[in-house]
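The values are calculated or read from the model by the stated rules, or taken from the named source; none is laboratory data. Values in this document were obtained by computation on a predicted structure and should not be read as measured data. A quick note on method: Cβ atoms are made from the backbone with ideal geometry, for glycine too, and the neighbour counts reach across all protein chains shown. With ligands, DNA and RNA removed, areas are computed over all heavy atoms of the protein, side chains included. Shrake-Rupley method; radii C 1.70, N 1.55, O 1.52, S 1.80 Å.
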Amino acid sequence: MATQTNDKSVDAVDVVVIGAGAGGMAAAALLVKYGYRTLLVEAEPQVGGRASTVQIEGFRVNTGAQVFELGGANKALFDEVGVPIRARRQPKPLVLRLGRLDLPVMSGPTGLLINKLLIPVVGGAALRFGVFRPAEGLTVEQWLDRSHAPNRLRKLARNLTSAMFAAEPRDVCATLFFDYLTKKGGMNPYGAHPEGAIGPWHDLARYIERAGGTIWLDSRVTGIGVGPDGRADGVTVLREDGAVAVTTRTVVSNVGPVATGKLVPAEAWPAGYVRKLEAENYPGTLITVNFATDEPIARLKTLVFFGFTDRLAYASYMSGPSPALAPYGRHLYCATSTPHPASSGFDVAGEVEMLKRETLEQFPEFAHAQILSIAVCTGDWPGQRAIPGRDWSNDTPVDNIWNVGDGARPWMGAGQSGCVESARLAVDAIRELHPVER
């Protein structure tokens, strides 16, 4: 586990990274790799953000993300810094439940058909001939309307946008949805870490500290200073024993563009910049019920996506691949939904009850389960700070302040891998514009 540095010896660094979610962790690891003196500041007592794990009544419960992508941007990051990915792929990694039918999506004959034949053919035809791909400017909901899609297909689309984007079809750009589902290489395999969602980021935190970086936990950045030249020149960090001023040449923020904007003096931004960010703020929401049983649930042996439910998007057997997450003889599960509307203004109590009711319909064992927590990821800590397709740019009007994470991902960037992609874009720009000075 990453250790908190309790002294105030760090007073000048090359880069301050604010927030130890996937984007901030990736940025800090790459910056240390390339020789930047890096301070990573995290308000929580552990790294990982919404890909972390906390203790609840003897169980280790994930704070948001339930799986870790083993390929793509995640693999490239861990390979580059030389940290083994200890998450392990499951024998049957993902099942799509269509009524009583379970369809393996990433394994077996159907997984082979989907990922090696269907996705390449459809995606290739769209790229070469423009067929299948929806028209620009449509949401998924509008695309389904134009296609006169049946109700069951609409439910499937809603559950997919919920599981992948913490959103509803009316929130998601149809071309992004199509491009994401038909991207080259198909769906990346994912794995479960023995320590839960926090595991890969614990491993990366150890690398950051071994390589000379510093991590401050239980510490909150309260302001970013901007000098007369219009560039960020320091941050103020509130720690247990008081405020600390840290001089820096560059700031990378993983707390979302809106929160980043509010850390900077208003006069340093163009007029109306923060108001514009707030007006264009379009976060997604996830509601998760974490629960435990004495006996395993017969029809929940892996990660299950649901096709025809109204709210329940996915459920997972968390302690199956990671037994250490539950006390001996107990079994840890989660069930997740996205409310209506997805971004704000929903009935919290009503949505939670809908999720619990559908979980019970799918799994009668839920009637006797111990509910460990009900996490409603919204407000200041949403399921995603920007629904994919509505992300802001990495760069900001202050040329040495960069945003990373789930508010500044590239097109088709989603999940932890999208956050890692955003970190790489920011680090590449920093290396070009603000090279290491020694």
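Brief remarks follow.
- All other residues whose Cβ lies under 15 angstrom from that of Gly405 are scored, Lys and Arg at +1 and Asp and Glu at -1, for a net of -2.
- Here, region 261-339 is characterised by an Rg to Rh ratio of 1.29, where Rg is the alpha-carbon radius of gyration and Rh the Kirkwood radius.
- Inverse mean reciprocal Cα-Cα distance (Kirkwood Rh) of region 334-438, Å: 16.6 Å
- Taking the protein heavy atoms of the chain in the context of the full set of protein chains, the accessible area attributed to carbon and sulfur is 56 percent at 1.4 Å.
- Note on Asp102 and Asp294: the model spin-label points, each 7 Å out from Cα along the C-beta direction, lie 2.4 nm apart.
- In the chain, Cα pairs under 8 Å separated by at least six residues give a relative contact order of 23 percent.
- With respect to the chain, whose longest principal axis is taken over its alpha-carbon atoms, helix 415-433 is tilted by about 30°.
- Among the listed pairs Lys155/Lys183; Lys155/Lys356; Lys33/Lys262; Lys155/Lys276; Lys183/Lys262; Lys75/Lys183, a Cα-Cα separation exceeding 27 Å is found for Lys33/Lys262; Lys155/Lys276; Lys183/Lys262.
- Magnitude of the charge dipole for the chain, about its Cα centre and with charges confined to Cβ atoms of Lys, Arg (+1) and Asp, Glu (-1), is about 1460 debye.
- Accessible surface area normalised per residue over region 1-96 is 36 Å², counting heavy atoms of protein chains with a 1.4 Å rolling probe.
- Relative to the dominant Cα principal axis of the chain, helix 348-362 is inclined by about 40°.
- The sum of -39500 (n - 2.57) across all DSSP H runs of n ≥ 4, divided by the residue count of the chain, sets its helix-only mean residue ellipticity at 222 nm to -9000 deg cm²/dmol.
- Rounded to 10°, Cα long-axis angle of helix 72-81 versus longest principal axis of the chain: 40 degrees
- In region 180-268, GluC sites (Glu not before Pro) in a DSSP loop with at most 15 other beta-carbon atoms within 10 Å: Glu240
- Per residue accessible area in Å² of region 267-385, where ligands, DNA and RNA are left out and the probe is 1.4 Å: 44 Å²
- Cut-off 14 Å between beta-carbons: net charge of the residues surrounding Thr338, Lys and Arg +1, Asp and Glu -1: -3
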